[in-house]
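A.B. asks: Take this structure first; my questions come after.
The values are calculated or read from the model by the stated rules, or taken from the named source; none is laboratory data. Everything quoted here is computed from the prediction, not taken from an experiment. All Cβ positions, glycine included, derive from the backbone under ideal geometry; neighbour counts span all protein chains shown.
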Amino acid sequence: MHAGEALAIITLILTIATFLVVILRMSLDHIRRTRADRFQAEFYSKLMDRFGAAPEMISYLQSDAGLRLLKTAPPERPATYARILNGVQGGLLATPVGAALLAIGPYAPEGYFGFALAGTVFLAVGLGLLLGGGASYLLSRKLGLLNGAEKG
């Protein structure tokens, strides 16, 4: 097996693993949101059943307890720090991998081109993620997303 073939197999395995992890995370997030929505709908339905008449319901909803109950949670906002750190983490992983592939390429028996190509791609992706993380941080800070107060 040539070095290029081994590199292609490793790249394919990493791509499939990344795809599966992303699909799993999205599925788990969807299940969590669906359960929360279902629970909230059932709760409000049971609450409506407990109050027989409209005046009872209105008086309860106007009380402090009723107002606290009906306050909906604010919509989920993306975790800005987590998104920025995920990009930087990917960049910190891909950049040295790319540099290492470029460094060991001349010592490979055959297929230096495969190592050079993979090293260049990893290095470019890593540096792009690092630059993107820095730009995201600066933009998020400018828009006020990091302290929870969004500018309008």
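A.B. asks: Go through the range 125-152 residue by residue and tally those that are aliphatic (A, V, I, L, M), at pLDDT 75 or above and not in a helix (DSSP H, G or I).
C.D. replies: The qualifying residues number 1.
A.B. asks: More than 15 Å from Leu14 (Cβ to Cβ), hydrophobic (A, V, I, L, M, F, W, C), surrounded by 15 or more Cβ atoms within 10 Å (Cβ to Cβ) and touching a Phe, Trp or Tyr at 6+ places or on another chain (Cβ under 6 Å): does that describe Ala108? Steps first, please.
C.D. replies: Details: more than 15 Å from Leu14 (Cβ to Cβ): yes; hydrophobic (A, V, I, L, M, F, W, C): yes; surrounded by 15 or more Cβ atoms within 10 Å (Cβ to Cβ): yes; touching a Phe, Trp or Tyr at 6+ places or on another chain (Cβ under 6 Å): yes.
The answer is yes for Ala108.
A.B. asks: A further question follows. Can you tell me which of Thr15, Thr95 is surrounded by 10 or more Cβ atoms within 10 Å (Cβ to Cβ), β-branched (Val, Ile, Thr), within 30 Å of Arg141 (Cβ to Cβ) and modelled with pLDDT of 75 or more?
C.D. replies: Thr95
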